[in-house]
Amino acid sequence: IVDKRAFPKDFLWGGAVAAHQLEGGYDEGGKGLSIVDFFTLGSREQPRKITSTIEKEQHYPNHEGINFYHRYPEDVKLFAEMGFKCFRTSIAWSRIFPNGDEEVPNEEGLQFYDDLFDECLKYGIEPVVTLTHFEMPIHLVREYGGWRNRQLIDFFTRFAKVCFELYHQKVHYWMTFNEINNQTKFEDEGVLYTNSGLIPEKDENREQLMYQAAHYELVASSQAVQIAHQIDPKLQVGSMIAMCPIYPLTSKPNDILFAQRAMQTRYWFSDVQVQGFYPEWLLDYFSKQKFDLDITEADLQELLAGTVDYIGLSYYMSFTVEYTDHLNYNEAHDLVSNPYVVETDWGWQIDPVGLRYSLNWLNDRYHLPLFIVENGLGAVDQKTKDNKIHDDYRIKYLKEHILQMKKAVLDDGVDLIGYTPWGCIDLVSAGTGQMSKRYGFIYVDQDDYGNGSKERLRKDSFDWYAHVIETNGAEL
Ligand code: P53
């Protein structure tokens, strides 16, 4: 299908990454150790392990990343060659506050991001920044138990304030917590750890623990929004949610009802961030479950005072559920496969129409500008003898998604700020720690164990995406 229409002018085309997945330099520049520095290599079958020390016989892929810490000028130059208007990255909290609870930030860490942002601005690329993306100083986990502890709110807002004060003239679009709703899948240890620095005790109720941590994060997020606006009213601070729409398997009324509850369970985080209060069903659920949660009157005031300016979202796939005998959605058990879509090699259900559906759903529910800050296909790439990567499957995935995004904007009137495909340069997978689960337009010559030259190569998708940007989405 040919759709020659272009996107609105000023549409922010770019790419997205996260500090810990590409920087490396894990113990350089005064950086403290972070939670991901204790997270081993895994695979689709083998979950990543959390170790309490750095063990010699394990491989920790985030230590080295793709060495962006030292090579970023070369990489940003390649982004500029594709015509990026923006570049989404995150700030490693442990570079700025190595332990997380200090009063004074680490100057060398601040300087690194200042230089990186300048390097982007040199090419007219606007940095878009997530404050914390699946990363925090390990000290905050060891000494305070991660986000189970209310004190984390103050540590986070101190970090946020330093960043806003120093970078507000260079960075206008901010997000607080990456995929804050990923922890809906609270049974998964890796998820609790990366989202919230939580290591549950043996008999601890993980669901209650997740709700408590998420509450503190939401309060911290709303305070950060207020701080940003005090420092500079021009700053736009968004939420960041992992958008996976959840469909009913059939039109049986109970399937519809279950899908609705599943959506409520996955998206109450953004309800709070956008509307400033907890949905009724959830407060009711808390009391029925007899959860003992520390949610104060003052917290509720903060939530109302610090609602977000826009919604950042990732979109990779859709989910499907089928009602059996319960209405409480448990993401670790209740997903079924959708017979109408195909999966990636890592079992993610590819569904471009689901992106248009999601943008409309979010628009109807929240009436705020949307920003797609992640989308993409994790796939194995083959490098040919003449150093080419023919990734037509990736082009196909992105093309189909951009087409649906175009319909949402031009046919449905959705207010969309921009689009930054994930892992615009190959990097370490968050879920598995693999290098071989690649998303990039730029190939990095490196395997799962960090072997390889780390040389950067342009894939076929590199030229394709450059042309998309050049024609403002008219030619896909
Ligand atoms: P990887 C799960 C579901 C949807 C998005 O993921 C997710 C996850 C966590 O794995 O994470 C986001 O690398 C995340 C990125 C991550 C990207 O999606 O597991 O914000 O950090 O790399 C892709 O294939």
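The values are calculated or read from the model by the stated rules, or taken from the named source; none is laboratory data. Being a predicted model, the structure only gives us computed values, none of them experimental. Reconstructed Cβ throughout: ideal geometry from the backbone, glycine too, with neighbour counts over all protein chains shown. Side chains included, ligands, DNA and RNA excluded: accessible areas come from the protein's heavy atoms. Shrake-Rupley method; radii C 1.70, N 1.55, O 1.52, S 1.80 Å.
Annotation: extensible slack from Thr384 through Glu74 equals 109.3 nm (criterion: 0.36 nm per residue apart, minus Cα-Cα distance). Based on the Cβ-Cβ distance from Tyr449 to Glu343, what FRET efficiency comes out when R0 is 35 Å, to the nearest 0.05? Approximately 0.85, to the nearest 0.05. Assign one of three labels to the chain, namely rounded, prolate or oblate, based on the Cα gyration tensor with a ≥ b ≥ c the square roots of its eigenvalues; rounded applies when a/c is under 1.5, prolate when it is not and a/b is larger than b/c, and oblate otherwise. Judged from the Cα gyration tensor, the chain comes out rounded (a/c under 1.5).
Taking label positions 7 Å along the Cα-Cβ direction at both Trp361 and Tyr123, the computed distance is 3.5 nm, reported to one decimal.
Among 286-299, 134-147, the peptide with the highest mean count of other Cβ atoms within 10 Å heads the list, and the full ranking is 134-147, 286-299.
If the segment from Trp281 to Val104 were pulled out straight at 0.36 nm per residue, it would be longer than the present Cα-Cα gap by 59.5 nm. Phi angles of the range 465-476 translate, via the Karplus equation with coefficients 6.51, -1.76, 1.60 and θ = phi - 60°, into HN-Hα couplings of 5, 4, 6, 4, 5, 4, 8, 6, x, 5, 10, 10 Hz per residue; Gly and Pro are given as x. Please say if the range 337-464 is rounded, prolate or oblate, where rounded means a/c under 1.5 for a ≥ b ≥ c the square roots of the C-alpha gyration tensor eigenvalues, and otherwise the choice is prolate for a/b larger than b/c and oblate otherwise? Prolate, since a/c reaches 1.5 and a/b exceeds b/c. Net charge of the neighbourhood of Asp27, taken over other residues with C-beta under 14 Å away and scored Lys/Arg +1, Asp/Glu -1, is -3. Rounded, prolate or oblate for the range 14-162? Axes are the square roots of the Cα gyration tensor eigenvalues, ordered a ≥ b ≥ c, and the cut-off for rounded is a/c under 1.5. The shape class here is oblate.
Remark: accessible surface ordering of Glu23, Glu119, Glu343 (largest first) is Glu343, Glu119, Glu23, probe radius 1.4 Å.
Every Cα-Cα pair of the range 152-201 was included, and the share exceeding 13 Å stands at 66 percent.
Among the aspartates and glutamates, select those whose C-alpha is under 13 Å from the C-alpha of Lys288, and discard any that sit fewer than 8 residues away in the same chain. Correct list for Lys288: Glu280.
Computed with a 1.4 Å probe over protein heavy atoms only, the accessible area of Tyr285 comes to about 30 Å².
Surface analysis of the chain yields an accessible area of 39 Å² per residue, using protein heavy atoms and a 1.4 Å probe. Counting only protein heavy atoms and using a 1.4 Å probe, the accessible area of Val2 comes to about 120 Å². Near the amide H of Gly376, within less than 5 Å, lie the amide hydrogens of Trp422, all on another chain or at least 5 residues away, with H placed in the peptide plane. Dipole check for the range 140-180: with +1 at the C-beta of Lys and Arg, -1 at the C-beta of Asp and Glu, and the Cα centre as origin, the magnitude is about 80 Debye. Assuming charge only on the beta carbon of Lys and Arg (+1) and of Asp and Glu (-1), the dipole of the range 326-476 about its Cα centre is about 240 debye to the nearest 20. Ordered from highest to lowest accessible area with the whole protein assembly present and a 1.4 Å probe, Asp118, Asp154 read as Asp154, Asp118.
Contact order for the chain, expressed relative to its length and based on alpha carbon pairs under 8 Å spaced 6+ residues apart, stands at 19 percent.
Each Cα pair under 8 Å and six or more residues apart adds its separation to the average, and for the range 367-476 the resulting relative contact order is 29 percent. Largest accessible area first, the residues Asp386, Asp415 order themselves as Asp386, Asp415 under a 1.4 Å probe with ligands, DNA and RNA left out.
Only protein heavy atoms count here; under a 1.4 Å probe, Glu126 has an accessible surface of about 50 Å². Please go through the residue pairs Lys185/Lys290; Lys122/Lys459; Lys170/Lys234 and name each one whose alpha carbons sit more than 18 Å apart in this structure. With Cα atoms farther than 18 Å apart: Lys185/Lys290; Lys122/Lys459. Put +1 on the Cβ of each Lys and Arg and -1 on the Cβ of each Asp and Glu in the range 366-464; which of His401, Gly440, Leu368 then has its Cα farthest toward the positive end of the dipole? Checked the options; the winner is Gly440.
When the accessible area of the chain is split by element with a 1.4 Å probe, what percent falls to carbon and sulfur? Carbon plus sulfur share of accessible area: 48 percent. If r is the Cβ-Cβ distance from Asp412 to Asp271 and R0 is 25 Å, what FRET efficiency results, to the nearest 0.05? Efficiency for this residue pair is about 0.70.
Remark: the Ile256-Thr471 segment gains 73.3 nm on full extension, using 0.36 nm per residue and subtracting the alpha carbon distance. Between Tyr247 and Phe319, Thr320, Val321, the built amide H atoms are under 5 Å apart, and every one of these is 5 or more places off in sequence or on another chain.
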